[in-house]
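Structure record follows, encoded as structure tokens.
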Amino acid sequence: MYCENFTYARMRHVKEGKCEMQLENTGWPCSPSPRGNDGNAAVSGSVTVDSSVAVDDSVAVGGSVAVGGSVAVDGSVIVDGSVAIGGSMTVDGSVTADGSMAVSVGGSKTVGGRVSVDGSVSVDVSVDIHDSVDIDESATVGGSVAVGDSVAVDDSMAVGGSVAVDGSVIVDGSVAVGGSITVGGSMTVVGSVTVDGSAIIGGSVAVDGSATVDGSVAVDGSVTVDVSVDIHDSVDIDGSVTIGGGSLTIDDTATVDRSAAVDDSAAVVGSTAMHGSVAVDNSATIDGNMTVDGSAAVVTSVAVDGSSTVTVDGSVTVVVNVAVVTSAAVDGSAAVGGMAAVDGSTSIDGTVAVDGSAAVDGCAFI
């Protein structure tokens, strides 16, 4: 008896020494078995299957793998070349590929162990990985991503749905997420970050480019962004905030448990509570209340709109103008390089220095 397509026959060979499928005659006999009867599949060259593949144990392929249907493997998968799967991919063990990995045609990818890919990864739908992920090139996922451990991507990362990572995230390129992003550990991105939903980070956040989040942001550690930050909802940060080269825009309230430093302008639609010092190299505009537990230094103007108060436990230094709609209370000294206008009462426990005019509509306690 001869098996058709010896490569596929090796993967589907049964213990009785017979093949389950015939594709093309290669002249190889099915008996004796071309591999051991331990359930494994070992192929020295490439594998091409137009339909689905089911393996009860591990798979090792010396070349590339192309499957038109779905793939289900109870053990681990090791491929020295690229992997292309037209349907879904389910692996109970780890996946290691020296080349690129592509899962398309609306197929999901579920891996019970670790995923390591030397090339790029492209998945049209969702990805569920129960261990760590290490990708040397870019990663593109059309659906959601769930990772039980850390994620490391040497290039850009684009996800059409939500992202949930139990460990840390390190991306050497840009990050684009169509839904929300939840990271149990720290997040480090060399490029820009764009999130259409909310962002919840259990550790610190470091972004070398700009950061744009359409939903709320909650960070248990510090936040460092080298360019601008644009957040369309509320911000709650347990550590410090450093914006290296751009502006800070928050459409809702902002709460920072430590210091905040912005190299350009800062605009907050809601109230602002800073438990450390505040340093803004350009203008600061707050539509709600402003509370600073440390000192506040603004290179240009400060404007606080609405029926809002300003409370600073330390000193206040403003190079140009200060405009406060309601009351202003400063526990330390206040120095203003330009005009100072307060529509309500003013209370300053230390010295006051104003280079321009000072106008207070209410009481002034100095």
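The values are calculated or read from the model by the stated rules, or taken from the named source; none is laboratory data. Computed from a prediction, not measured in an experiment: that's the story for all the values here. All Cβ positions, even for glycine, are placed from backbone atoms using ideal geometry, and neighbour counts span all protein chains on display. Ligands, DNA and RNA are stripped out before the accessible areas are found, and what is left, the full protein with its side chains, is counted by its heavy atoms. Shrake-Rupley method; radii C 1.70, N 1.55, O 1.52, S 1.80 Å.
A few remarks follow.
- Cα-based radius of gyration for region 306-366, normalised by 2.2 N^0.38 Å, reads 0.97.
- Placing a pseudo-label 7 Å from each Cα along the Cα-to-Cβ vector at Ser347 and Ala329 gives an inter-label distance of 0.4 nm.
- Region 241-287 gives an Rg/Rh value of 0.92, both radii derived from C-alpha positions and Rh following Kirkwood.
- Translational diffusion coefficient (Stokes-Einstein; Kirkwood radius from C-alpha pairs) of region 214-264 at 37 °C, 0.692 mPa s, in µm²/s: 309
- Cα centroid separation, region 198-236 to region 93-134: 27 Å.
- Accessible surface of region 179-274, 1.4 Å probe: 47 percent of it comes from carbon and sulfur atoms.
- With the convex hull of its Cα atoms as the shape, region 258-352 has an orientation-averaged projected area of 4.7 nm².
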